[in-house]
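What follows is a single structure, written as structure tokens, with notes after it.
The values are calculated or read from the model by the stated rules, or taken from the named source; none is laboratory data. Being a predicted model, the structure only gives us computed values, none of them experimental. Because the Cβ atoms are built from the backbone with ideal geometry, glycine has one as well, and the counts that use them run over all protein chains shown.
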Amino acid sequence: MAHKTQEISQIIVALETQHITCCIVGTAALIHYGAQRVLHDWELCVPSSLYHQAVEYLSSEDESSTPIHACRPSRPQPSSTNHLHARFLCPSDRSIFVVLPDEEVHLDLSRTERVYDANNIPYPALRDLAQSLLDTSNEVGLCDLVDGADIDIEWGVTNLDLSGTKDVDWAVQMNSRIKRLCEHPSDRVAIFPTCSRPRREFWSHIANASSKKGRLGCQKSPSCFDTRFRLAARPANVASLTSAHGAG
């Protein structure tokens, strides 16, 4: 994984030398914040106004700092436009990344705060990533972020815009784009839901303590885990054993 991280870091540096701001979104960003997911494609987000410039630069034979090759688009997935965008393979480690316009992940990179990991790879700040998942009503992604970062209702009240509803206009715009660009009707599985959903209600549903414990399932004890991805700071069984030992 470290080698693959190095490759994507070099690609980001190459783009930023062309004055194209980047950050990593999607699965890799959720992993950065503690979620346990399997990474297939890196999702590289760039400003929508610079998307074609970024793709042209990465496709150019003159781009030699990190040799890459264009590859087939990904298969359509529910509530995703990834299959509409340029996808590249790094031959040195077989890692794959897709280039995405920021508006299609409901970000504005000109206003998004970026944080960096130890390999100097940028990700959206926690509040910016959470807001984008909330605004797009991405329930699976938001559950993983909440459980990975172990954030709660109060954190959202302080850091997020919980007024109004999800961005229905954005979903309608994405669906129009999918319908216009998809070659086969079956590709329209990617359509985004357009039902209105109050942000505050959605956040409370995902981030309340009962929901977080409920997502533990039957394999993880609430006495040992705060969330699916976070061990309790002092599991109850360890505390009891320590107390018993001290009493002895």
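Observations
- Pick from segment 160-198, criterion under 18 Å from the mean Cα position of the chain (by Cα) and in a helix (DSSP H, G or I), ranking: surrounded by the fewest Cβ atoms within 10 Å (Cβ to Cβ): 170
- Pairing each residue of segment 4-20 that is among the hydroxyl-bearing types (Ser, Thr, Tyr) with any residue that is assigned to a helix (DSSP H, G or I), provided the two are 6+ apart or on different chains, yields no C-beta distance under 6 Å.
- Residue that is among the small types (Gly, Ala, Ser), within 23 Å of residue 134 (Cα to Cα) and out of contact with any Asp or Glu (no Cβ under 7 Å at 6 or more places or on another chain), where the choices are 26, 34: 34
- Taking residues in segment 70-95 that are within 17 Å of residue 187 (Cβ to Cβ), and partners anywhere that are among the acidic types (Asp, Glu), the pairs with Cβ atoms closer than 6 Å and at least 6 places apart or on different chains are 76/187; 81/104.
- Filtered residue count, segment 128-152, keeping only those that are in a helix (DSSP H, G or I) and either without any contact (Cβ under 8 Å) to a residue 12 or more places away in the chain or of a type in the set (Val, Ile, Thr) (or both): 2
- Within the set 95, 65, 59, the sole residue that is crowded, with 21+ Cβ neighbours inside 10 Å, out of contact with any His (no Cβ under 7 Å at 6 or more places or on another chain) and at pLDDT below 95 turns out to be 95.
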